[in-house]
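The values are calculated or read from the model by the stated rules, or taken from the named source; none is laboratory data. Since the model is a prediction, treat every value here as computed from it, not as a measurement. Note that we place each Cβ from the backbone using ideal geometry, even for glycine, and neighbour counts take in every protein chain shown. Accessible surface is based on the protein model in full, side chains and every heavy atom, while ligands, DNA and RNA are left aside. Shrake-Rupley method; radii C 1.70, N 1.55, O 1.52, S 1.80 Å.
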Amino acid sequence: MATELEELVGFLSSPSPPVKKAAVEIVRDLTGSEDGLLSLSKYASTVLPSLSQLLKEKKEVSEPAAEALINLSLNSNLAAKMVEMGMIKTAMDVLYKPDSSITRLLVMLLVNLTQLDSGIVSLLQIEDEKMQGLFVMKLVRSFGRSSDETRDDPFDHVGSILVNISKKEAGRKMLLDSKRGLLKQILRQFDSTSPLRKKGVSGTLRNCCFEAENQLQNFLLISEFLWPALLLPVAGKKIYSEQDTSKMPLELGSALSIEREPWDDPEIRVEALESIYLIIVQEAGLRALWSVNGPRILQVGYEDEEDPKVMEAYERVGSLLVHGCGTEEPSTETSK
């Protein structure tokens, strides 16, 4: 005889819209507690496909279904099952339907699924040569187009997806492919007013810089976006003199010759400095930093800095500027 929970799970596929709506709301509420998650995980082979199907329905049903999947995907075993059953493709298909009303929730689901290696492989479409990179290109385009002036930007969590995929070499190589031009689009968002976007850009760039040894040319090709994203967060608060700014490219000099909002997040400042380190370990990267008067910016920023961890990161970069080479590299662990 079917248990109450089995019956509830069965109702997710009911032909009756009111029954289906009531069932998905109860399931969503159950996923909000540890006990509920544990109970539902026993029926994963039925619950997950049913909820996946409900993502394609009207908002009153698709919204609680998406919320339930987000909660369930916090369990790595259930997240792995979702990836295996093609949830990333389903989420992307629904996300880009013209009438999609659960954009933010689907993006959050993708953030959770790309915590897994299998989720990253699925989003990169590595196993499909013709489609490879299409999902990532779509997400980067949406990340670049959507405005953070609106308080509830549905695509601002894309930054977290980009951090996740850039933890893997295949993801970094895709983002750095100059023909795709993805990193340039991402870097345009570095001065966003959204802290979540700033963190996403900073973490993604820092991860990508682990490819600097082999891909330095691709970084330097986008210098006009690269150096502002790396140097402005660590430039301190002062207005720079004309003597300093005259030795900088316009995109840096004009920003530093006026009053500006400080970069409050110390983690972003550390990531910027670690990125600079990884670039200037290469001789051509060091020359490029000098060519934009980068060492002067770092000197002023260091004088302003009060956070001990950030100061340590400045000092590590400074050791390269003094000696021209370094032995102590930043942690080889990519951004969380």
Give just the number: which of (1) polar (S, T, N, Q); (2) in a loop (DSSP other than H, G, I, E, B); (3) open to solvent by less than 30 Å² (accessible area, probe 1.4 Å) does Thr204 not satisfy? (2)
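Just to be sure I understand, how many residues within the range 157-201 are closer than 25 Å to Glu261 by Cβ and open to solvent by less than 20 Å² (accessible area, probe 1.4 Å)? It would help to see each step written out before you state the result.
We begin by selecting, within the range 157-201, every residue closer than 25 Å to Glu261 by Cβ; these are 157-160, 162-163, 183-201.
Of the ones still in play, those that are also open to solvent by less than 20 Å² (accessible area, probe 1.4 Å) are 158-159, 162-163, 183, 186-187, 192, 194, 197, 200-201.
So the count comes out to 12.
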The listed residue being closer than 25 Å to Glu315 by Cβ and not in a helix (DSSP H, G or I), out of Asp244, Asp264, Asp191: Asp264
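Do we find that Ser73 is over 26 Å from Arg172 (Cα atoms) and hydroxyl-bearing (Ser, Thr, Tyr) in this structure? Give the derivation first.
Working: over 26 Å from Arg172 (Cα atoms): no; hydroxyl-bearing (Ser, Thr, Tyr): yes.
Considered against the rule, which asks whether it is over 26 Å from Arg172 (Cα atoms) and hydroxyl-bearing (Ser, Thr, Tyr), Ser73 comes out as no.
Please pick out the residue among Glu271, Glu259 that is assigned by the TED database to the domain that holds Met311, surrounded by fewer than 17 Cβ atoms within 10 Å (Cβ to Cβ) and among the acidic types (Asp, Glu).
Values: Glu271 fails: surrounded by fewer than 17 Cβ atoms within 10 Å (Cβ to Cβ).
Of Glu271, Glu259, the one residue that is assigned by the TED database to the domain that holds Met311, surrounded by fewer than 17 Cβ atoms within 10 Å (Cβ to Cβ) and among the acidic types (Asp, Glu) is Glu259.
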Please tell me if Ile165 is within 24 Å of Lys59 (Cβ to Cβ), in contact with a helix residue (DSSP H, G or I) (Cβ under 7 Å, 6 or more places away or on another chain) and outside the structural domain of Leu221 (by the TED database). no
Quick one: Glu242 ticks every box in (1) in contact (Cβ under 8 Å) with a residue 24 or more places away in the chain; (2) farther than 19 Å from Ile276 by Cβ; (3) open to solvent by 50 Å² or more (accessible area, probe 1.4 Å) bar one, so which box is it? (1)
Any idea how many residues of the range 119-135 are surrounded by 16 or more Cβ atoms within 10 Å (Cβ to Cβ) and either under 17 Å from Leu95 (Cα atoms) or in contact with a Ser or Thr (Cβ under 7 Å, 6 or more places away or on another chain) (or both)? 8
If the requirement is being over 23 Å from Asn218 (Cα atoms) and either at pLDDT 95 or above or over 13 Å from the mean Cα position of the chain (by Cα) (or both), which of these qualifies: Gly171, Gly119? Gly119
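Could we say that Leu51 is touching a residue at least 24 places away in the same chain (Cβ under 8 Å) and closer than 17 Å to Ser118 by Cα here?
On the way: touching a residue at least 24 places away in the same chain (Cβ under 8 Å): yes; closer than 17 Å to Ser118 by Cα: no.
For Leu51, the condition - touching a residue at least 24 places away in the same chain (Cβ under 8 Å) and closer than 17 Å to Ser118 by Cα - is not met.
Search the range 302-336 for residues being hydroxyl-bearing (Ser, Thr, Tyr) and modelled with pLDDT under 95, and hand back the single one that is surrounded by the most Cβ atoms within 10 Å (Cβ to Cβ).
Pass one, the range 302-336, residues hydroxyl-bearing (Ser, Thr, Tyr): 302, 314, 319, 327, 331-332, 334-335.
Still in the list and also modelled with pLDDT under 95: 319, 327, 331-332, 334-335.
On the way: Ser319: 15, Thr327: 7, Ser331: 6, Thr332: 7, Thr334: 20, Ser335: 18.
In this case the residue turns out to be Thr334.
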Looking at Ser122, Ser142, Ser118, Ser160, which one is assigned to a helix (DSSP H, G or I), without any contact (Cβ under 8 Å) to a residue 24 or more places away in the chain, out of contact with any Pro (no Cβ under 8 Å at 6 or more places or on another chain) and within 24 Å of Asn207 (Cα to Cα)? Ser142
For the range 276-311, name all the residues that are closer than 28 Å to Glu242 by Cβ and of a type in the set (Gly, Ala, Ser). Gly285, Ala288, Ser291, Gly294, Gly301
If the requirement is being among the aliphatic types (A, V, I, L, M), modelled with pLDDT of 95 or more, open to solvent by 30 Å² or more (accessible area, probe 1.4 Å) and part of a helix (DSSP H, G or I), which of these qualifies: Ala80, Ala66, Ala91? Ala80
